[in-house]
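The values are calculated or read from the model by the stated rules, or taken from the named source; none is laboratory data. Quick caveat, the model's predicted, so the values are computed rather than measured. Cβ sites come from the backbone with ideal geometry, for glycine too, and all protein chains shown count toward neighbours. With ligands, DNA and RNA removed, areas are computed over all heavy atoms of the protein, side chains included. Shrake-Rupley method; radii C 1.70, N 1.55, O 1.52, S 1.80 Å.
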Amino acid sequence: MLTKRLVTYFVIIAALFLLGYFIHTAVLSSLEIEHPFSLLNIYLFQSIATLVICVGFELIASFSKRFSDQLGFIYLATMIGKIGMFCLVFKNTLFSGVVLSKAESLSLLIPIFIYLIYEVIAITKILNRNA
């Protein structure tokens, strides 16, 4: 059962990556908008981070009764860590001094919110299963 859930996370996150990235790129191409950063790298970072979080929480919930009661608080700390890692990895884009346009700022936020929504859904299911 655990293996099935882990594979499901991988498949859903891969689908979010493929759909999100290609639709996002197609919309930007149709509007003839180019960004000074790699949209692919942002989607890859978010995909990998979300996969690590979902798999990690599933494993904690399955194997550690000690921490299973604290998963909600651990998730909040994880979100702060994810934001910190994002800022660290993309510091040249975020802190370069170049003012990003609204389209560029939105293109940074869209992948973040796509994966954030999925993370919240996945973590909620894990928490409800352990309740």
20 Å tail of the calculated P(r), the chain, as % of Cα pairs: 49 percent
In the chain, lysine pairs with alpha-carbon atoms under 20 angstrom apart (chain gap of 8 or more, or interchain): 4
When only C-alpha pairs under 8 Å and at least 6 residues apart count, what is the relative contact order of the chain, in percent? 37 percent
For the chain, accessible area per residue (1.4 Å probe, heavy atoms of protein chains only), Å²: 62 Å²
Expressed as a whole percent, how much of the Cα-Cα distance distribution for region 27-104 exceeds 20 Å? 49 percent
Quick calc, region 58-131, dipole around Cα centre from Cβ unit charges on Lys, Arg (+) and Asp, Glu (-), nearest 20 debye, gives 120 debye
Over what distance in Å are the Cα centres of region 63-131 and region 1-50 separated? 14 Å
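Where the accessible area of the chain is counted over protein heavy atoms with a 1.4 Å probe, how much of it, in %, is carbon and sulfur?
Carbon and sulfur atoms account for 73 percent of the accessible area of the chain.
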